[in-house]
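Notes follow once the structure below has been shown.
FYI, it's all coordinate maths here, none of it is from the lab. What you are looking at is a predicted structure, and each value in this text was computed from that prediction instead of being measured. With ideal geometry, Cβ positions are generated from the backbone for all residues, glycine too; neighbour counts draw on all protein chains shown.
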Amino acid sequence: MAKRRTSAWSAEVESLYRSQARELWALFYVQCCDRERALDAVQEAFTRLHEQNGEPIRDKRAWLLKVGRNWLRDAARRKKVAARSVESLDYLADPAAQPPAILEQAELQSQVRVALSRLRPEDREVLVLRYAMDWSSNRIGTALDVSPAAVDMRLSRARRRLAEILGNRGVDNE
Amino acid sequence: MSKTRRGRSTFSDGDVDSLLRKFFRDEVPASLPAAGETAAHADPPRLAAVGRAGSARDRRPAGWIGLSAVAGSLLSIAVLLPQPAAERPGGRFASSTEREDGEAGRAAQLADDSEDHPDTLNGPVEQRMRKVMVFDPETGEQVEMLLPELEIEIFPIDDDDSDE
């Protein structure tokens, strides 16, 4: 589990959090495909930034990205995922208490999550940047150093592959 | 919308598009700052794809600030160097007071000039600028700069006291 805030961050760290946290979450999500773990990575990175007393950091964004990714790698290595409570399974505690629509939606959410995790990282990356960050093809292209047309092709290919994976898992669209 | 049933996917591209929009609407934690609170990057920093390093562009501002400090220091030194007499308004005798006072004033002005511009009596000091490549430790790159080209003439000192 990542460190949770035990003390107030500095104004600078707070400001950086407001401007960078969402994007960092998206990039961590690409890596782990787990919304809570990605959020933990964001918290961990900013907490370490706040507590950091060494040499001044020139590129804080790159530093945060590196710290978060390293933390995710370590977390995966420790295999703590199995010990985490999986929100998507909570509805199974008492299925009878949940309306069928909610159960169905939760199941679909879980299936999409698994399908995303089965994609190649570069396919997942463009999907996350488009649908989680709502970035345009121009903006994604600038970030990935490719043309907008190439971004559109990658998005189309990633969606097609996602559909194939969902189909293979028996998820159908009605 | 879905049934868990083995078979080929019936999701069209549009269906997947709608599915993903809805998925991430619920997937992105509500505790994160909203998209509108993020810095309005007209030109977002370049990402590496998963596993690549952060953007070098982000380091550039700090590097250029450091380089500017170096350039500023060097330029301030250049300013303090003797200026060619021709650049001064009115040439060597810039002061209107000196012109009014005639020869005495002129001598005084020359004396003043000689203190500030020791080579003035022997002719104008040329100030040439030359391009040099300077290593910027912040960015690790060679940067072209204009620096004054100084020529220092060294004259041997005769310590022979035999004439005394």
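Between A:Asp152 and A:Arg77, the contour length at 0.36 nm per residue exceeds the alpha carbon distance by 23.6 nm. FRET efficiency for the B:Glu144 to A:Lys66 pair, using the beta carbon distance and R₀ = 30 Å, is estimated at 0.40. Distance between the pseudo-spin-label points of A:Glu104 and B:Ala34 (7 Å out from Cα toward the beta carbon): 3.1 nm.
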